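The values are calculated or read from the model by the stated rules, or taken from the named source; none is laboratory data. In this text, all values refer to a predicted model and were calculated from it rather than measured experimentally. Note that each Cβ is placed from the backbone with ideal geometry, even for glycine, and that neighbours are counted across all protein chains shown. Protein only, heavy atoms only, side chains kept; ligands, DNA and RNA dropped before computing areas. Shrake-Rupley method; radii C 1.70, N 1.55, O 1.52, S 1.80 Å.
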Amino acid sequence: MGIRHNCCPRCGSLRLTESLDSKGDVQYKCCDCRCRFGNESEAKEYAELLVKFLIEIKDILGNRFVLKLTKEMNAYKYYLKIGRSKGFEGDLDFDFWKELSNKLFVEYSFHKWNETYFGSISNYGIVWDMEASFERRHTLSVHGCNSFPIYWKKMVSSILPLVEECDGADTFIHSLLEKEIG
């Protein structure tokens, strides 16, 4: 059995129904927004085809965090920048790439998130964008302002091993995790 989902990745609802698809995979349907998700073979296909993942986060104070992960031929690279720092480039371990791409699509259902998340202006002053690019040039984009998907904290926690190398990034990311979001 695959990942057991306890809430909808799109709206956060706990009201879900379960069924089996034609391949025997568990399929979930949200009773509130009608999103269908949990098809593990579909999610694994997204994870396999991923060639670039970009995260950009800006806060009201002008702090900016950028993380770009890329797959080029058989090499896996990252670029990490916070604020006005020069930024860091490096090689990614294949196992880290595989684990992160599987978490993004199989566990966090990134391909089922809403395109936009907007919250109250008085909340946090955080604007964010994420983009996943795949072989055959298909792209998924998600963005928000002061509102976050239900799996936001888990997704941000997944990139923590990379941010330890960039001065200030670790503090910035931990401040995002401390907020009452997602």
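Below, the figures for the structure above:
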item	result
All positions within the range 100-122 that are without any contact (Cβ under 8 Å) to a residue 40 or more places away in the chain and of a type outside the set (Ser, Thr, Tyr)	Glu115, Phe118, Gly119, Ile121
Residue identified as in contact with a strand residue (DSSP E or B) (Cβ under 8 Å, 6 or more places away or on another chain) and either of a type in the set (Asp, Glu) or touching a residue at least 60 places away in the same chain (Cβ under 8 Å) (or both) among Cys7, Cys30	Cys7
Complete set of residues in the range 11-32 that are part of a strand (DSSP E or B) and either surrounded by fewer than 17 Cβ atoms within 10 Å (Cβ to Cβ) or not aromatic (Phe, Trp, Tyr) (or both)	Leu16, Thr17, Glu18, Ser19, Leu20, Val26, Gln27, Lys29, Cys30
Selected residue (criterion: modelled with the lowest pLDDT) from residues of the range 160-171 that are surrounded by fewer than 19 Cβ atoms within 10 Å (Cβ to Cβ) and not in a loop (DSSP other than H, G, I, E, B)	Asp170
Test: residue in the range 127-139 that is within 20 Å of Leu61 (Cα to Cα), under 13 Å from the mean Cα position of the chain (by Cα) and either open to solvent by 20 Å² or more (accessible area, probe 1.4 Å) or among the charged types (D, E, K, R) (or both)	yes
Selected residue (criterion: nearest to Cys7 (Cα to Cα)) from residues of the range 33-80 that are touching a residue at least 60 places away in the same chain (Cβ under 8 Å), in contact with a helix residue (DSSP H, G or I) (Cβ under 7 Å, 6 or more places away or on another chain) and not in a strand (DSSP E or B)	Cys35
Top-ranked residue of the range 94-108 - restricted to ones that are open to solvent by 50 Å² or more (accessible area, probe 1.4 Å) and under 16 Å from Cys7 (Cα atoms), ranked as nearest to the chain's Cα centre (by Cα)	Lys103
Pair list, Cβ under 9 Å, 6 or more apart: the range 145-159 residue within 14 Å of Tyr117 (Cβ to Cβ) and open to solvent by less than 10 Å² (accessible area, probe 1.4 Å), other residue among the basic types (Lys, Arg) and not in a loop (DSSP other than H, G, I, E, B)	Met155/Lys103
